[in-house]
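Single-structure report; data block below.
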Amino acid sequence: MAPFAFSLPARIAFGRGEAQKAPAAIRALGPRGVLVHGANPARAAWLLQALRADGAEVLPIACGAEPTLPMLEEALARAKTFGADWVAGLGGGAVLDLGKALAGLIPAPGGIMDHLEVVGRGLPLAAPPLPYVALPTTAGTGAEATRNAVIGLPEHGRKVSIRDERMLPRLAIVDPALTDGCPRGVTLASGLDALAQVIEPYVSAKATPFTDALVRPVILPGLRALKRLMEEEDAQARDTMAWTSLCGGIALANGGLGAVHGLAGVIGGVTTAPHGAICGAALGPVLAMNRDHAPDPARVEEICHAIAEGFGGTAADAPQTLASWARAAGLPGLQAQGLDPARHQAVAEASLASSSMKGNPFAPSVAQLCEVLRKAG
């Protein structure tokens, strides 16, 4: 067995009702903090009010979209002058990433570009991050269990990360009740992202026994749960998707991803499409590519059998079955999400340099990736 290591948030609390313990856990970290929330502040009012009722001074910061460098710069300027002891994030993956970036950068003596990968210096943080508490309200990115924060750079047409193992949350509270009633379109896109993040680590060239143990048991239940949630609201299915998402976040932080996320990082930089929707559109075509070209496609075949068991049809047709099901459920293709087919070549070329692409079970060519984009369009 090849050597491997893994890192996790300092503490993970999973289950319905766990979010009610958040105010006391956060308040124990200090009297002043930053609360990052989504576009609608009303959804974070319960936590903000509870913290303030306990005597905490809280700076709320809204994150209404996937974070960009200008958004991060503005939020960081406000947060640095506040004198925070901690940062908490309550929301989807975008909110959690912005909160994670703030926790890492508030104590940092240098600038943001010192730590951004690819376009910056990519340096480790020069000071320990502030304690960070993550409370996801969607089941998708698994950002509550990762060590990086993804930031968009519109002028570069890229998304890049600030990455440091110390950015793992001090506490991740995964309460599936926070995802109850999530809008159908968000549930679909984030759920497909969660599925991509348990499927890709399983077929990845960087898979380990640890990541295998996490993701293999949740793939079929995750497929069935997402299918169920597209039919009607179901608390048990929400629980399953929250667990699937958490397992995917841990797995991607400790293993590898693949071409779905390699492409998504570039597409997200040249369009305004949500990350989960991009991953959902690419997942089926990438599975088909990997089954046809991976040196040992046995693991991809396992995934195809799981899809057939969850959605019907045959394993041979599974990649197309999944793609067709997602379209029928309302997921738009990449062209409808804003990706001009004329950019396929440039996107494919740029994606080859991504860290995610290095986990794919084989090294795809630009032509093969262009075919994936065509099918996903």
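For ARG216, state whether it is open to solvent by 20 Å² or more (accessible area, probe 1.4 Å), assigned to a helix (DSSP H, G or I), among the basic types (Lys, Arg) and within 23 Å of LEU35 (Cα to Cα). Please lay out each step first, then the result.
On the way: open to solvent by 20 Å² or more (accessible area, probe 1.4 Å): yes; assigned to a helix (DSSP H, G or I): yes; among the basic types (Lys, Arg): yes; within 23 Å of LEU35 (Cα to Cα): no.
No.
How about the range 43-52: which of its residues are out of contact with any Lys or Arg (no Cβ under 7 Å at 6 or more places or on another chain) and either in contact (Cβ under 8 Å) with a residue 12 or more places away in the chain or open to solvent by less than 70 Å² (accessible area, probe 1.4 Å) (or both)? Steps first, please.
Restricting attention to the range 43-52, the residues satisfying the condition of being out of contact with any Lys or Arg (no Cβ under 7 Å at 6 or more places or on another chain) are 43-50, 52.
Selection gives ARG43, ALA44, ALA45, LEU47, LEU48, ALA50.
List the helices (runs of 4 or more DSSP H) that sit entirely inside the range 1-119 and contain at least 2 residues that are among the basic types (Lys, Arg). Step through it out loud before you land on a result.
On the way: elements: 22-27, 45-53, 69-80, 93-105.
Where helices (runs of 4 or more DSSP H) fall fully within the range 1-119 and carry at least 2 residues being among the basic types (Lys, Arg), they are 69-80.
Anything in the range 130-181 that is at pLDDT below 90, more than 19 Å from MET357 (Cα to Cα) and open to solvent by 20 Å² or more (accessible area, probe 1.4 Å)? List them, or say none.
PRO154, GLU155, HIS156
So which of ALA205, ALA253 is of a type outside the set (Phe, Trp, Tyr), part of a helix (DSSP H, G or I) and open to solvent by 10 Å² or more (accessible area, probe 1.4 Å)? So that I can check it myself, show each step before the final result.
Numbers: ALA205 fails: part of a helix (DSSP H, G or I).
Exactly one of ALA205, ALA253 is of a type outside the set (Phe, Trp, Tyr), part of a helix (DSSP H, G or I) and open to solvent by 10 Å² or more (accessible area, probe 1.4 Å), namely ALA253.
Can you tell me which of ALA177, ALA196, ALA127 is among the aliphatic types (A, V, I, L, M) and under 16 Å from the mean Cα position of the chain (by Cα)? Quick ask: steps written out before the conclusion?
Numbers: ALA177 fails: under 16 Å from the mean Cα position of the chain (by Cα); ALA127 fails: under 16 Å from the mean Cα position of the chain (by Cα).
Testing whether each residue is among the aliphatic types (A, V, I, L, M) and under 16 Å from the mean Cα position of the chain (by Cα) leaves just ALA196.
Considering only residues that are touching a His at 6+ places or on another chain (Cβ under 7 Å) and within 10 Å of GLY255 (Cβ to Cβ), which ones fall in the range 174-222?
Answer for the range 174-222, where residues must be touching a His at 6+ places or on another chain (Cβ under 7 Å) and within 10 Å of GLY255 (Cβ to Cβ): just GLU200.
Look at ALA189 and say whether it is open to solvent by 10 Å² or more (accessible area, probe 1.4 Å), closer than 29 Å to THR321 by Cβ, part of a helix (DSSP H, G or I) and in contact (Cβ under 8 Å) with a residue 40 or more places away in the chain. Outline the logic, then answer.
Values: open to solvent by 10 Å² or more (accessible area, probe 1.4 Å): yes; closer than 29 Å to THR321 by Cβ: yes; part of a helix (DSSP H, G or I): yes; in contact (Cβ under 8 Å) with a residue 40 or more places away in the chain: yes.
Yes.
Taking the range 48-69 as the search range and keeping residues that are modelled with pLDDT under 95 and farther than 29 Å from PRO176 by Cβ, which one is nearest to the chain's Cα centre (by Cα)?
THR68
Do you know which of the residues in the range 83-125 that are touching a Leu at 6+ places or on another chain (Cβ under 7 Å) and of a type in the set (D, E, K, R) is nearest to GLU57 (Cα to Cα)?
The residue in question is ASP85.
Assess whether ALA318 counts as being more than 17 Å from ARG374 (Cβ to Cβ), modelled with pLDDT of 95 or more, crowded, with 22+ Cβ neighbours inside 10 Å and touching a helix residue (DSSP H, G or I) at 6+ places or on another chain (Cβ under 8 Å).
On the way: more than 17 Å from ARG374 (Cβ to Cβ): yes; modelled with pLDDT of 95 or more: yes; crowded, with 22+ Cβ neighbours inside 10 Å: yes; touching a helix residue (DSSP H, G or I) at 6+ places or on another chain (Cβ under 8 Å): yes.
So ALA318 passes the test.
Could we say that VAL95 is out of contact with any Asp or Glu (no Cβ under 8 Å at 6 or more places or on another chain), hydrophobic (A, V, I, L, M, F, W, C) and crowded, with 24+ Cβ neighbours inside 10 Å here? First the steps, then the outcome.
Details: out of contact with any Asp or Glu (no Cβ under 8 Å at 6 or more places or on another chain): yes; hydrophobic (A, V, I, L, M, F, W, C): yes; crowded, with 24+ Cβ neighbours inside 10 Å: yes.
Judged against the criteria, VAL95 is a match.
Cβ-Cβ distance below 7 Å, separation of 6 or more or different chains: which pairs start in the range 168-181 with a residue that is assigned to a strand (DSSP E or B) and end on one that is aromatic (Phe, Trp, Tyr)?
Correct list of pairs: VAL174/PHE14.
I need a count of the residues in the range 321-377 that are open to solvent by less than 30 Å² (accessible area, probe 1.4 Å), over 17 Å from GLY157 (Cα atoms), assigned to a loop (DSSP other than H, G, I, E, B) and of a type in the set (A, V, I, L, M).
1
Conditions (1) touching a residue at least 12 places away in the same chain (Cβ under 8 Å); (2) under 20 Å from ALA149 (Cβ atoms), marked per residue:
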position: PRO3; (1), (2): no, no
position: ALA13; (1), (2): yes, no
position: LYS21; (1), (2): yes, no
position: VAL36; (1), (2): yes, yes
position: LEU69; (1), (2): yes, yes
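Would you check which residues across the range 64-92 are small (Gly, Ala, Ser) and open to solvent by 10 Å² or more (accessible area, probe 1.4 Å) and list them?
Narrowing the range 64-92 to residues small (Gly, Ala, Ser): 64-65, 75, 77, 79, 83-84, 88-89, 91-92.
GLY64, ALA65, ALA77, GLY83, ALA84, GLY92, listed by residue number.
State whether one or more residues within the range 232-246 are within 14 Å of the chain's Cα centre (by Cα) and open to solvent by 10 Å² or more (accessible area, probe 1.4 Å).
First, the residues of the range 232-246 that are within 14 Å of the chain's Cα centre (by Cα): 241-246.
If we keep only those that are open to solvent by 10 Å² or more (accessible area, probe 1.4 Å) too, we end up with 243.
The answer is yes; a qualifying residue exists.
Which of the numbered conditions does PRO107 fail, given that it passes all the others? Conditions: (1) out of contact with any Gly (no Cβ under 6 Å at 6 or more places or on another chain); (2) under 29 Å from GLN197 (Cα atoms).
Condition (2) is where PRO107 drops out.
The values are calculated or read from the model by the stated rules, or taken from the named source; none is laboratory data. Values in this document were obtained by computation on a predicted structure and should not be read as measured data. Here Cβ is always computed from backbone atoms with ideal geometry, including for glycine, and neighbour counts include all displayed protein chains. Just the protein is used for accessible areas: all its heavy atoms, side chains included, with ligands, DNA and RNA removed. Shrake-Rupley method; radii C 1.70, N 1.55, O 1.52, S 1.80 Å.
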